[in-house]
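The values are calculated or read from the model by the stated rules, or taken from the named source; none is laboratory data. On a predicted model such as this, the values are computed, not experimentally measured, just so you know. Reconstructed Cβ throughout: ideal geometry from the backbone, glycine too, with neighbour counts over all protein chains shown. Heavy atoms of the whole protein, side chains included, go into the accessibility calculation; ligands, DNA and RNA do not. Shrake-Rupley method; radii C 1.70, N 1.55, O 1.52, S 1.80 Å.
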Amino acid sequence: MVRSDRSNTRSPRSGRRRRRPLGPVLAALLATAVCAAPAIGEPLSTRSAPRLDPRDPGGAWAGYSIEGAGGASTAPRALPAGALRGMDVSGHQGDVDWGKARADGAQFAYVKATEGTGFRNDHFGQQYNGSAGAGLVHGAYHFALPDRSPGAQQANFFVDNGGGWPADGRTLPGAVDMEHNPYGEVCYGMDPGAMSRWIADFSNTYRARTGRFPVIYTTANWWNRCTGGNPDFAPNNPLWVARYGPQIGPLPAGWDYHTVWQNSNNGPLPGGQDVFNGDIAQLTRFVS
C-alpha cells in the first residue's frame with residue numbers, strides 16, 4: 001500500500017495528532033442509539049450510486065451517493081444537549097442565510113469549493129465568507145474525481161480556489177470528499193493500489209501547500225472497497241465520516257475515532273447535518 005507521508009505527524013500549531021477515546025458527544029449519542037441499527041444510509045456497495053447530470057451547475061456534493069441523499073430526505077437525528085452542530089453546503093443550497101443558521105445552532109460549516117480541476121462553486125464566496133462573518137468556524141472541501149487528473153493537480157486547484165488553511169484559529173483544515181463516482185464506475189476505474197496512491201498524492205500536496213493534512217470525507221463502505229481497506233491514512237488525516245442512521249456504525253479501516261460525523265441530509269440547517277466529536281475546547285484546538 002502507498003501511504004500518506006508519515007515522516008512527521010506534527011502540524012505547525014496543533015501538535016502531534018494523538019489517538020483519543022470517543023468524545024463525550026459521541027458517547028452520549030451511542031448511549032441513546034438503537035443497538036441494532038438498520039442498514040440504512042449506507043452507500044450502495046454492490047452497484048454504482050445514481051449518476052448525476054455532468055451538466056448540473058451545482059455538481060456533486062458531500063453525501064450525494066448515500067441512499068436517500070439524492071432523493072428523499074433522511075430524517076434529522078436528535079442530538080444530545082451540548083453537541084457541536086454543524087453543516088456542509090454546496091452550490092445546491094445557493095446563498096445561505098448564515099445569521100439564521102447560527103441562530104438555529106450551527107457552530108461550524110464546510111463549504112464545497114471545487115470539483116476535479118475545472119469546477120468552482122458559484123456560491124462559494126457568499127457561503128464561505130458569510131459563514132465566517134456569522135462567527136462560525138468554517139472550512140472548504142473538494143469533491144475528488146480521481147479518474148480525471150492526478151491528486152497533486154487537484155490539491156493545487158483546491159488550494160488555489162479557496163481550499164487553503166490559514167492558521168487563524170477559526171478555519172477548519174480543507175477536506176477531500178472521497179465517495180462513489182458521480183459520473184461513472186464506483187471506484188473511478190481504479191484498483192485499490194492506484195486509488196491509495198492518488199489519495200496520498202493529494203494529501204501530501206495539500207500538506208506541502210498548507211502545513212496541514214486534509215480531512216478525508218468518506219464512508220466505511222466506499223473506503224474499504226475502493227482503497228482495499230487501506231489503514232495508512234488514519235494516523236495523519238482526520239476522518240469526516242458519513243452515515244445516515246441512528247448510530248455511526250463501523251468506521252473505515254484504520255481509524256478508531258472520527259472528527260466529524262455527517263449523520264443526515266435533512267435537519268434544522270441547510271445542507272448536510274454534521275456533529276463534531278468533541279467539545280468547544282477540542283474544536284478550538286483542532287483549528288489552531
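Numbers below:
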{"item": "Top-ranked residue in the stretch 140-156 [being part of a helix (DSSP H, G or I) and touching a Lys or Arg at 6+ places or on another chain (Cβ under 9 Å); ranked as surrounded by the fewest Cβ atoms within 10 Å (Cβ to Cβ)]", "result": "Asn156"}
{"item": "Within the stretch 237-253, tally of residues that are free of Cβ contacts under 8 Å to residues at least 40 places away in the same chain, under 20 Å from Gly272 (Cα atoms), touching a Ser or Thr at 6+ places or on another chain (Cβ under 9 Å) and part of a loop (DSSP other than H, G, I, E, B)", "result": "1"}
{"item": "Breaking point among (1) at pLDDT below 95; (2) open to solvent by 10 Å² or more (accessible area, probe 1.4 Å); (3) not in a loop (DSSP other than H, G, I, E, B), for Asn263", "result": "(2)"}
{"item": "Any hit, the stretch 161-168, residues being open to solvent by 30 Å² or more (accessible area, probe 1.4 Å), touching a residue at least 40 places away in the same chain (Cβ under 8 Å) and not in a loop (DSSP other than H, G, I, E, B)", "result": "yes"}
{"item": "Search result, residues across the stretch 221-231 that are surrounded by fewer than 22 Cβ atoms within 10 Å (Cβ to Cβ) and out of contact with any helix residue (DSSP H, G or I) (no Cβ under 9 Å at 6 or more places or on another chain)", "result": "Asn224, Pro231"}
{"item": "Output for the stretch 102-116, where each listed residue is open to solvent by less than 10 Å² (accessible area, probe 1.4 Å) and within 9 Å of Gly86 (Cα to Cα)", "result": "Ala106, Phe108, Ala109, Tyr110"}
{"item": "Count of residues meeting criterion [touching a residue at least 40 places away in the same chain (Cβ under 8 Å), more than 12 Å from Trp223 (Cα to Cα) and either crowded, with 22+ Cβ neighbours inside 10 Å or not basic (Lys, Arg) (or both)] in the stretch 195-211", "result": "10"}
{"item": "Subset of the stretch 36-95 (residues that are hydrophobic (A, V, I, L, M, F, W, C) and modelled with pLDDT under 80)", "result": "Ala36, Ala37, Ala39, Ile40, Leu44, Ala49, Ala69, Ala72, Ala75, Ala78, Leu79, Ala81"}
{"item": "Condition check for Ala234: modelled with pLDDT of 95 or more, open to solvent by less than 10 Å² (accessible area, probe 1.4 Å) and either not β-branched (Val, Ile, Thr) or not in a loop (DSSP other than H, G, I, E, B) (or both)", "result": "yes"}
{"item": "Qualifying residue in the stretch 120-129 (condition: open to solvent by 10 Å² or more (accessible area, probe 1.4 Å) and assigned to a strand (DSSP E or B))", "result": "yes"}
{"item": "Gly105 vs. criteria in contact (Cβ under 8 Å) with a residue 12 or more places away in the chain and either over 16 Å from Asn266 (Cα atoms) or part of a strand (DSSP E or B) (or both)", "result": "no"}
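Residues checked against (1) in contact (Cβ under 8 Å) with a residue 40 or more places away in the chain; (2) open to solvent by less than 10 Å² (accessible area, probe 1.4 Å); (3) in a helix (DSSP H, G or I):
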| site | (1), (2), (3) |
| --- | --- |
| Pro182 | yes, yes, no |
| Gly189 | yes, no, no |
| Trp255 | no, no, no |
| Phe286 | yes, no, yes |
